[in-house]
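The values are calculated or read from the model by the stated rules, or taken from the named source; none is laboratory data. This structure is a prediction, so every number in the text was calculated from the model and none was measured. Neighbour counts are summed over all protein chains in view; Cβ atoms, including those assigned to glycine, are modelled from backbone coordinates with ideal geometry. Just so you know, the surface numbers come from the protein's heavy atoms only, side chains and all, with ligands and any DNA or RNA stripped out. Shrake-Rupley method; radii C 1.70, N 1.55, O 1.52, S 1.80 Å.
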Amino acid sequence: MSLSSPELSLKQRGVLSHLPLRVRLAAAFVTSLVAVLTLVSMTYVAVNFSSKQSNELQIAGAKLDFVNDLTLASTALQLAATRYVYLGHDSAREYVTNNIDLWLNEIAACRERSCLNQERIDDVDTHLNAFLDAFNLVATSRSDIANALISDFANLRVSAPTTNNTVDYPGAGQINSINDHISTIEATLLAYFVTSDSQRISDAEAHLDELKGHLASTFGALEETQNTAVGSFSIDRLENSLYANIQRIRSYAYLVNVVLPSEAREMEYLASNVAAEVHEEIAALQTSMQSNRQNFYVWVFSLTAFVLLLSIPMFFWLLNSVTSPLKNLSAVFHRLTQGSEEKIIGAELTKDEIGDLFKAAEAFRRENVRERELLADYRELSRNLESQVTERTRELEAKNAELDHIASVDKLTDTYNRRALDAALSAELERANRYQRPLSVLLMDIDFFKHVNDQYGHLTGDKVLVTLCQKIKENLRASDILGRWGGEEFLVICPETDLEQARNAAEKVRRAIEKTDFELSKNITISVGISVLMENATVESLVAEADKALYLAKSQGRNRVCIAPMMLAPLHAAPPQ
């Protein structure tokens, strides 16, 4: 359909010729003035918007500086904590506490001015406080362990038996060397405290066994000689002190080697994620600024062309009215504002500036069509990005599940580790107390497992542990929870199990292990201690009673099941035939 009519143009040209020239000039001037004011207004808006985005870019840069400083601070805090742990420098301790206080204040200020996402700020604040708590606990534990070692072994040396050096009889030198053994064990524990080398535990146990041998060989001399002073010395006391200090040092090593580094790594991870988000924000702002600059130049050019194309027809209007093409042009732009995509064909009928306006309208129409196509492409791209984000989220959830499994399972035996056992026992104890249901705990220990490691090596010992766990699983119920308590000790949580059922289950496992061929020159046996849920029981008391029962089984010859003394008399398993 044609949008211009020459006949209508000629008809209306006569009507317009009756208008005064000043009216036409005033109309042309007003039109030009409106166009210029529009151009100035658009320029002001564009400059103001660009200034606003520049400020946003500066704010984003400040965020990035804050996050980068936090990353460097996390690394420096970890290094200072390591220096204090291994070298004991008080300056490192002051550095950690002062800098964490400083960063906590910085984070509080950041939260007030909303410089970062509030959830991110809360996460960083949480991990900083956790790191500070763990570091303070490390410092306290370091002092407590050192004091405990000095106090325990000083008392042991005071209570150690001695002989009258003026009397010479067989075994006197071995009796007087007890203090040397005590000092050696103390030095070995100090070395384990400093290096966290588990071999030091074996060395301390070896010294303890050597001391036991010396005492056994010289016990007769202690009874027959009048020049000896046994005092309050007890080898059991020395052994209890040894293992109590080993447990303290293990807890300290866990804080140093696991808790502190994990909190520091978590802070670095959070800082790197926030840095990535800020980088994306900066990139988006830069892209937006570049696009706005381009649009600004397009606007200036378009408005300038509009002013020129509008002014020229106004001056030619003084000679020849072109109301009909202008009317048709008005109709075209009206349809364009309504979203019409109809091709504009009025430009072919006029060869003047009005025709140029028709061409500009056609270009505007094509630009609108192109923008709609770009918008459709953008929506398709957005859908694709959402799909990719969903996929990445699923992958992240799968990785998190895998990490949870790794954190809860002992790598060698594929059973629960100590951390998972603690959580499971707490949950089962709470459930049993809530519903008044029975609950039993079995604590198992491999008899003479150290001899297996010493005679066949640790690889064979690991195979024995794996095979033993498989046999235990085969003889437990699906509801029972098996985990590695530590070394060659295993803990079984038996929900809905009373004392008699626990004893039967323990005997079943013990007999199965006794009959299992571990491809060694001697059989592998286990000792089992049982404790059951009683009134006011706690996780610690359940495990402690099971440990007492296990100690009773060991003292009665091993390869047997015993019940905690406070619950029932020990139940002796028949010795193997």
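Annotations for the structure displayed:
- Full-extension gain in nm, residue 500 to residue 371, via 0.36 nm per residue minus C-alpha separation: 38.4 nm
- Straightening the chain between residue 302 and residue 243 buys 12.6 nm, computed as 0.36 nm per residue apart minus the Cα-Cα spacing.
- Integer Hz, Karplus 6.51/-1.76/1.60 couplings in order for segment 254-261, x for Gly and Pro: 5, 4, 6, 8, 10, 5, 4, x
- For residue 359, the lysines whose Cα falls under 23 Å of its own Cα, not counting residues fewer than eight places away in the same chain, are 327, 343, 351.
- Distant-in-sequence amide H partners of residue 559 (H built 1.01 Å from N, under 5 Å): 526, 527
- Two-decimal log10 I(q)/I(0) for segment 452-577, as the Debye equation yields it once each C-alpha is a single scatterer, q = 0.18, 0.22, 0.23 Å⁻¹: -1.00, -1.44, -1.54
- log₁₀ of I(q)/I(0) at q = 0.25 Å⁻¹ - segment 48-133, Debye sum with one point per alpha carbon: -1.22
- Taking all protein chains into account, the per residue accessible area for segment 447-577 stands at 50 Å² (1.4 Å probe).
- Each of residue 364 and residue 198 was given a label point 7 Å from its Cα along the Cα-to-Cβ line. The distance between the two points is 8.0 nm.
- Positive-end residue, segment 81-123 charge dipole about Cα centroid, Cβ charges, pick of 98, 85, 114: 85
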